[in-house]
Every structure is written in C-alpha cells, then in structure tokens.
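Participant: The structure that follows is given in the form of structure tokens.
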Amino acid sequence: MKNKNQKSLSAKSCFFTTFPSTISRSSNNQGVMESRGIDTAIRHAGGQVALAKQLGVSQQAISIWRRQGWVPLRRVSEIEVQYGVPREELLNPAILDVVTPSSL
C-alpha cells in the first residue's frame, strides 16, 4: 500500500523511465556540441510548432523526437525531402547500425 507522499507512475513516465532516450547532441574533439538532424529540421521549419504542423503531428511528438535525438523511421524520408536533412542524421542509431549504405 502506498502512502500519500508516493506518486503512482503513469504509463508515459514508465516509458521514459524504462527506456532512456539517446543523447540528442554529441561533442566533437573541441568540446563543441554538434546538432542532430532533428534540430536542423526544427530550425529549417521555423520551430517545433511549425515542423509539427507541416508534418501533421503534435508539437509534443517533435519534442520527444528532439529529446531522443532521432525521428520515427516512417518520418525520415519526409523530413529528408522537405528539409534536406540527411537520413543518417535522423535515424535511430540502433537502426542505422543495421541498415546498409546501399539501402539508404
């Protein structure tokens, strides 16, 4: 039985607690942070809200993509075509390791 100071975990908080997101930025040799593809798409679109409207998704979805550092596979081609962001910068790194260069 939980006491009144304990909070129950929602399905959403369990998801983010159970599956930590990947880091959306990486550091180069000089310690400068490099932008991931989703950040580039957000800038080209004029912000998260604008990108969300153009893709037909919620701003919250864009925010999640930004935090995890990659976009869902089904959105990669669309963003690549509309904003010129290479798909290698948009894909989940776990998927990128499996995909061969010829299939990109």
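Participant: For Leu73 and Ser58 in the same chain, what is the full-extension length gain: residue separation times 0.36 nm, less their Cα-Cα distance, in nm?
Facilitator: 3.7 nm
Participant: Oh, and also: Which ³J(HN,Hα) values, rounded to whole Hz and listed in residue order, are derived for segment 48-65 from phi using the Karplus coefficients 6.51, -1.76 and 1.60 in 6.51 cos²θ - 1.76 cosθ + 1.60 with θ = phi - 60°, glycine and proline given as x?
Facilitator: 5, 5, 5, 4, 4, 5, 5, 9, x, 10, 7, 4, 4, 4, 4, 4, 5, 4
Participant: With all pairs of different alpha carbon atoms counted, what Kirkwood hydrodynamic radius in Å does segment 33-99 show?
Facilitator: For segment 33-99, the Kirkwood estimate is 11.6 Å.
We did not get these values from a lab; they are worked out from the coordinates using the rules stated. Because the structure is predicted, anything quoted here is derived from the model rather than measured.
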